[in-house]
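What follows is calculated from the coordinates using simple rules that are stated; it is not laboratory data. Note that the coordinates shown come from a computational prediction; the quantities given were computed from them, not determined experimentally. In this analysis, Cβ positions are derived from the backbone assuming ideal geometry, glycine residues included, and neighbour counts consider all displayed protein chains.
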Amino acid sequence: MPEFFVYANSNAAPFVSDSSREFVEASTPKEALRVFRKNYTHPCGLFAAAVYADANAYHKQDKPLVCWLSRKAKKQEENWWRKIKKGEESDA
């Protein structure tokens, strides 16, 4: 069974989130994400996760195979893009 590399962040508690890196055995990237989410136990909950083919892909900044964002993460991203479009943010 293939092994995938998962990088994730917890919800902030209260100001900074914790990151985690883990290898997950699964048949597909989506299955690896499902397994990771099922087993994630941080007390503040999962904010976002990305699945890569391996750790090298993560460190080379390759595009993730699959990503997951919490509702909170999606809302923050929507607000950020809205500000960018209005010209309120100068740096991306």
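Annotation: extensible slack from D62 through K86 equals 5.7 nm (criterion: 0.36 nm per residue apart, minus Cα-Cα distance). Protection proxy ranking, highest mean first, for peptides 25-33, 62-70, 4-12, 75-83: 4-12, 25-33, 62-70, 75-83, where packing is the per-residue count of other beta-carbon atoms within 10 Å, averaged. Rounded to whole numbers, the Karplus 3J(HN,Hα) couplings from phi for segment 51-59 are 10, 10, 4, 6, 5, 4, 4, 4, 5 Hz, using 6.51 cos²θ - 1.76 cosθ + 1.60 with θ = phi - 60°, and x at Gly and Pro. The chain has equivalent-ellipsoid semi-axes of 26, 16, 11 Å, by the square roots of 5 times the alpha carbon gyration tensor eigenvalues, sorted largest first. When a/c is below 1.5 the answer is rounded, else prolate if a/b is larger than b/c, else oblate, so apply that to segment 37-82 with a ≥ b ≥ c taken from the square roots of the Cα gyration tensor eigenvalues. Taking the square roots of the gyration eigenvalues as a ≥ b ≥ c, segment 37-82 is oblate. The calculated 222 nm mean residue ellipticity attributable to helices in the chain amounts to -10500 deg cm²/dmol, summing -39500 (n - 2.57) over DSSP H runs of n ≥ 4 and dividing by all residues. The distance between label points at V35 and A12 comes to 3.3 nm (points 7 Å beyond Cα on the Cα→Cβ vector).
Close amide H partners of F4, meaning residues 5 or more places away or on another chain with modelled amide H under 5 Å apart, are V24, E25, A26.
Given R₀ = 22 Å, FRET efficiency for A55-M1 by Cβ-Cβ distance, to 0.05? Once the sixth-power term is evaluated, E becomes 0.80. Across segment 25-31, rounded Karplus estimates of 3J(HN,Hα) from the backbone phi angles (6.51 cos²θ - 1.76 cosθ + 1.60, θ = phi - 60°) give 8, 6, 7, 9, x, 5, 5 Hz, Gly and Pro being marked x.
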